Amino acid sequence: SYTTDTKSREENKKTLENLYSLSVDITKIRRLKEWVLLQDVAYVKEIAAVLQEMGADETTVANIIERCPEAILHTPAEINSQRALWQLVCKNEKQLIKLIEQFPESFFTTEYQQNQKANILFLQELGLKNNIITRFLTSAPNIFYNPVEKNKNVIETLQRNYLNLGGSEANMKIWILKLLSQNPFILLNTSTAIQDNLEFLQKNGFTDQEVLQLLAKLKGFIFQLNSTTMQKSMLFSKNIFECSDQELKQLVLKCPALLYYSVPVLEERLEGLLKEGISIAQIRETPMVLELTTQIVQYRIKKLSALGYDIKSGNLESLNGTKKDFEVTYGKIQSKKERPIFNPVAPLHIED
């Protein structure tokens with residue numbers, strides 16, 4: 001337990017000396033987490049030795065400590081245990097030290113080692129590849145802090161619902177692994193919340209097949225929603241597009257963002273589109289355009305306008321998709337505009 005009360009405390013001279021000897025920029029630590037320098041006990045040399053043993057050079061060691069100063073407050077035993085833990089999924093120590101340099105906070109959170117180990121083994125049993133588990137350890141570390149029973153419970157709920165919705169036993173494993181790879185944060189939900197959201201969709205007239213389709217399209221984000229926000233978003237869309245329940249359902253299947261985004265977000269995006277002279281009818285025809293932020297829409301319209309493409313009278317499909325998709329569309333429109341109109345059967349007028 002480290003104290004963050006910095007009043008009337010002095011910096012630990014021994015800690016400072018050891019940090020200087022490792023060429024660590026102490027001003028950075030003072031700016032970031034000065035309280036670390038006030039602790040009575042720190043393991044500067046020991047932690048540096050463990051990192052060097054893994055293959056870190058002096059610059060890397062200094063960089064890690066500057067980015068995550070509390071690393072020096074852990075005992076060498078704690079860090080060696082964490083090292084052994086991450087080695088369950090890392091190819092070698094070279095990869096491990098690279099990860100520690102990029103994500104030091106994730107590595108130096110050692111309070112949940114038993115849970116971390118149990119969850120790593122559970123995800124390996126599920127069939128997740130080590131490189132994906134490594135990605136989770138660095139980008140979604142808190143999913144490993146839960147007791148493994150909690151995560152198992154969420155997975156079992158997903159498996160049960162997948163089968164109940166008509167999914168096949170043969171495809172279930174692939175579906176679960178894909179869902180987890182796309183959005184590991186589903187493990188932070190409770191199994192009750194997952195159940196409630198699926199029931200909400202069924203009560204709103206979505207067939208089992210359509211619910212499965214939505215789950216695939218939403219990449220698991222549906223499990224981070226709740227029935228109240230989904231209800232509000234659907235009601236907002238129904239009013240804006242003046243459509244029946246059946247038509248609304250088709251719009252949601254076409255564009256799950258209508259379910260996922262909150263009313264304020266949808267309002268802001270609609271407003272941005274209308275300001276550009278785009279009509280509600282056009283948006284209803286291509287609702288996927290609401291998945292884009294207002295800034296992205298404005299940028300794309302500007303680029304297309306420069307080519308003489310009038311978005312107000314055209315199709316909004318050209319605005320859609322990822323950055324890569326848009327660049328392909330833009331390239332096609334551009335080459336079409338630059339290509340000279342040539343009629344191969346027209347007579348050539350050649351002057352003598």
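Quick notes on this one:
- Pairs where the first residue, in the stretch 152-174, is assigned to a loop (DSSP other than H, G, I, E, B) and the second is surrounded by 12 or more Cβ atoms within 10 Å (Cβ to Cβ) and not hydroxyl-bearing (S, T, Y), C-beta under 7 Å, 6+ apart: L165/D208; L165/V211; L165/L212; G166/D208; G166/L212; G167/W175; G167/L212
- Here L51 fulfils each of the conditions (1) within 27 Å of N130 (Cα to Cα); (2) over 30 Å from the mean Cα position of the chain (by Cα); (3) of a type outside the set (F, W, Y) apart from (2).
- When we screen L177, L187, L212, L201 for residues that are at pLDDT below 90 and assigned to a helix (DSSP H, G or I), the only hit is L212.
- Residue count for the stretch 256-295, restricted to those that are of a type outside the set (S, T, Y) and in contact with an Asp or Glu (Cβ under 7 Å, 6 or more places away or on another chain): 1.
- Condition check for E70: in contact (Cβ under 8 Å) with a residue 60 or more places away in the chain and either farther than 18 Å from P104 by Cβ or open to solvent by 20 Å² or more (accessible area, probe 1.4 Å) (or both): yes
- In the set E58, E53, only one residue is touching a Ser or Thr at 6+ places or on another chain (Cβ under 8 Å), loosely packed, with under 14 Cβ neighbours inside 10 Å and not polar (S, T, N, Q); that residue is E58.
- Residue within the stretch 111-121 that is in contact with an Asp or Glu (Cβ under 7 Å, 6 or more places away or on another chain) and acidic (D, E) present: no
- Count of the stretch 207-222 residues, restricted to those that are open to solvent by less than 10 Å² (accessible area, probe 1.4 Å) and more than 17 Å from L177 (Cβ to Cβ), is 3.
- Residue among L85, L19 that is under 21 Å from P141 (Cα atoms) and surrounded by 16 or more Cβ atoms within 10 Å (Cβ to Cβ): L85
- Within the stretch 88-102, tally of residues that are part of a loop (DSSP other than H, G, I, E, B) and crowded, with 18+ Cβ neighbours inside 10 Å: 2
- Qualifying residue in the stretch 247-267 (condition: at positive phi, small (G, A, S) and open to solvent by 40 Å² or more (accessible area, probe 1.4 Å)): no
- Verdict on G272 being of a type outside the set (D, E, K, R) and exposed (fewer than 13 other Cβ atoms within 10 Å of the Cβ): no
- Filter result for E78 (in a helix (DSSP H, G or I) and over 25 Å from I133 (Cα atoms)): no
- Taken over the stretch 116-132, residues that are in a helix (DSSP H, G or I) and either under 13 Å from W86 (Cα atoms) or open to solvent by 50 Å² or more (accessible area, probe 1.4 Å) (or both) amount to 11.
- When each of I311, I301 is tested for being assigned to a loop (DSSP other than H, G, I, E, B), of a type in the set (V, I, T) and touching a residue at least 12 places away in the same chain (Cβ under 8 Å), the lone residue that passes is I311.
- Residues of the stretch 269-293 satisfying the condition of being of a type in the set (S, T, N, Q) and more than 14 Å from G321 (Cα to Cα): S279, Q282
The values are calculated or read from the model by the stated rules, or taken from the named source; none is laboratory data. For clarity, every value in this text was computed on a predicted model and none was experimentally measured. Note: ideal-geometry Cβ built from the backbone for every residue, glycine included; neighbour counts use all protein chains shown. In case anyone asks, the SASA skips ligands and DNA or RNA and just uses the protein heavy atoms, side chains included. Shrake-Rupley method; radii C 1.70, N 1.55, O 1.52, S 1.80 Å.
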